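Engineer: So that we are looking at the same thing, I have put the structure below in structure tokens.
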């Protein structure tokens with residue numbers, strides 16, 4: 001098998017393939033040079049620890065949210081993703097210097113964590129595999145609601161991430177039950193139609209199917225997608241919904257307007273899988289990433305960020321007979337080609353991401 005260096009010296013490949021080679025070779029080359037499991041930072045960026053879990057009831061950090069400069073971190077602890085073992089998660093509010101402001105205990109395995117821009121409350125979703133519940137935290141009063149429950153899910157799994165758009169609330173329908181042909185016949189995204197603060201129940205309706213036609217972003221060809229692993233969601237700077245179909249190694253873009261096809265998809269180069277994707281909302285600020293298995297929340301800093309640039313947390317790529325393994329990393333995502341160019345590599349298992357602006361006038 002050729003060395004990583006020689007394999008990366010291939011020429012006369014397309015620009016799209018070159019981006020993939022650059023990303024994978026950078027990460028794999030860094031891993032080859034490593035003698036210890038420490039993150040490797042691309043020149044121009046720096047890495048520090050923002051917060052560290054203490055173990056026990058503060059372990060396995062995952063989802064991140066930011067409100068008024070405070071950072072909210074969901075610690076899933078040892079909870080089963082279907083809530084079956086009765087474990088508790090912790091939602092921790094941190095000040096901008098990493099000091100703890102308040103800790104909330106919620107029943108189940110926290111995975112989704114978002115700020116509701118209309119009420120300025122924190123929405124925490126638990127149990128992404130089955131038996132989901134939602135807890136709403138008021139950061140002004142410091143009070144957390146009782147868990148809101150859902151009826152039987154139409155897709156057989158739980159709910160993962162949350163997006164607020166045009167006054168509506170959407171959940172990704174995670175861990176779907178596939179039919180005998182391996183197809184997801186349930187919804188991939190649902191919308192809240194009623195939230196009852198008296199009975200603490202939520203009713204939802206399907207808005208995006210698990211099988212649907214979509215246009216390939218790089219090439220424009222149309223294919224029928226089978227979304228077997230709906231996971232994280234976010235809004236793009238233009239207000240479109242970006243859904244991570246994690247296990248299938250692709251992102252699905254639901255456009256709200258314009259001349260482009262309403263549904264598009266982006267295959268990720270190198271067969272990488274990603275969790276959260278976020279966008280730099282200002283030229284000055286920092287990126288936070290939760291490295292779940294390392295029990296760390298890292299702060300990635302740069303002098304200047306490219307405004308509206310996309311960043312994703314990747315689980316890496318397993319080794320094959322022809323290529324070395326690519327360690328988990330955080331990279332800048334090219335939304336035209338699907339290439340993910342590393343900022344910080346050799347992480348344990350990056351999942352949650354958040355961008356914290358420090359000067360929104362730049």
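Engineer: Which of 219, 50 comes first, and how do the rest follow, when ranked by fewest Cβ neighbours within 10 Å?
Structural biologist: Ascending number of Cβ neighbours within 10 Å: 219, 50.
Engineer: Under the classification rounded if a/c is under 1.5, otherwise prolate if a/b is larger than b/c and oblate if not, where does the stretch 94-176 fall, given a ≥ b ≥ c as square roots of the Cα gyration tensor eigenvalues?
Structural biologist: Judged from the Cα gyration tensor, the stretch 94-176 comes out prolate (a/c at least 1.5, a/b above b/c).
Engineer: Rounded if a/c is under 1.5, else prolate if a/b is larger than b/c, else oblate: which is the stretch 215-275, with a ≥ b ≥ c the root eigenvalues of its Cα gyration tensor?
Structural biologist: oblate
Engineer: Suppose we keep just the DSSP beta bridges with both residues in the stretch 4-359; what percent of those would be antiparallel, to 5?
Structural biologist: DSSP beta bridges in the stretch 4-359 are roughly 95 percent antiparallel.
Engineer: Most exposed first by the Cβ proxy, i.e. fewest other Cβ within 10 Å, how do 38, 165, 152 rank?
Structural biologist: Arranged by neighbour count, lowest to highest, 38, 165, 152 become 152, 38, 165.
Engineer: For the chain, with a Gaussian network of springs between Cα atoms less than 10 Å apart, report the residue from 314, 232, 257 with the top mean-square fluctuation.
Structural biologist: Taking springs between Cα atoms under 10 Å, the residue moving most is 257.
Engineer: Using a 10 Å cut-off around each Cβ, can you sort 73, 222 from fewest to most neighbouring Cβ atoms?
Structural biologist: 222, 73
Engineer: Return the distance in nm (one decimal) between the two label points of a simple spin-label model at residue 309 and residue 284, each offset 7 Å from Cα along Cα→Cβ.
Structural biologist: Once both label points are built, they end up 1.7 nm from each other.
Engineer: If I model a spin label at residue 336 and residue 301 as a point 7 Å from the Cα along the Cα→Cβ vector, what separation in nanometres do I get?
Structural biologist: 3.3
Engineer: Which entry is the computed semi-axes √(5λ) of the Cα gyration tensor in Å for this structure: (i) 31, 25, 20; (ii) 30, 24, 23; (iii) 39, 24, 23?
Structural biologist: Here semi-axes √(5λ) of the Cα gyration tensor in Å agrees with entry (i).
Engineer: For the pair residue 54/residue 219, report the inter-label distance in nm, with labels modelled 7 Å from Cα in the Cβ direction.
Structural biologist: Computed distance between label sites residue 54 and residue 219 equals 5.3 nm.
Engineer: So, one more: If you take the beta carbon distance between residue 318 and residue 235 as r and set R0 to 22 Å, what does 1/(1 + (r/R0)^6) give as a FRET efficiency, to the nearest 0.05?
Structural biologist: 0.10
Engineer: Mind ordering 329-335, 198-204, 91-97 by average Cβ neighbours within 10 Å, highest first?
Structural biologist: 329-335, 91-97, 198-204
Engineer: Taking only DSSP H segments of four or more residues, each worth -39500 (n - 2.57), what value at 222 nm results for the chain once the sum is divided by all its residues, to the nearest 500 deg cm²/dmol?
Structural biologist: -2000 deg cm²/dmol
Engineer: For the stretch 4-359, what does the relative contact order come out to in percent, with C-alpha contacts under 8 Å and a separation of six or more?
Structural biologist: Normalised by residue count, the contact order of the stretch 4-359 is 16 percent.
Readers should treat all values here as calculations from the given coordinates under stated rules, not as data from a laboratory. Since we're looking at a predicted model, the values are computed, not measured. So basically every Cβ, Gly included, is an ideal-geometry build from the backbone, and we count neighbours across all protein chains shown.
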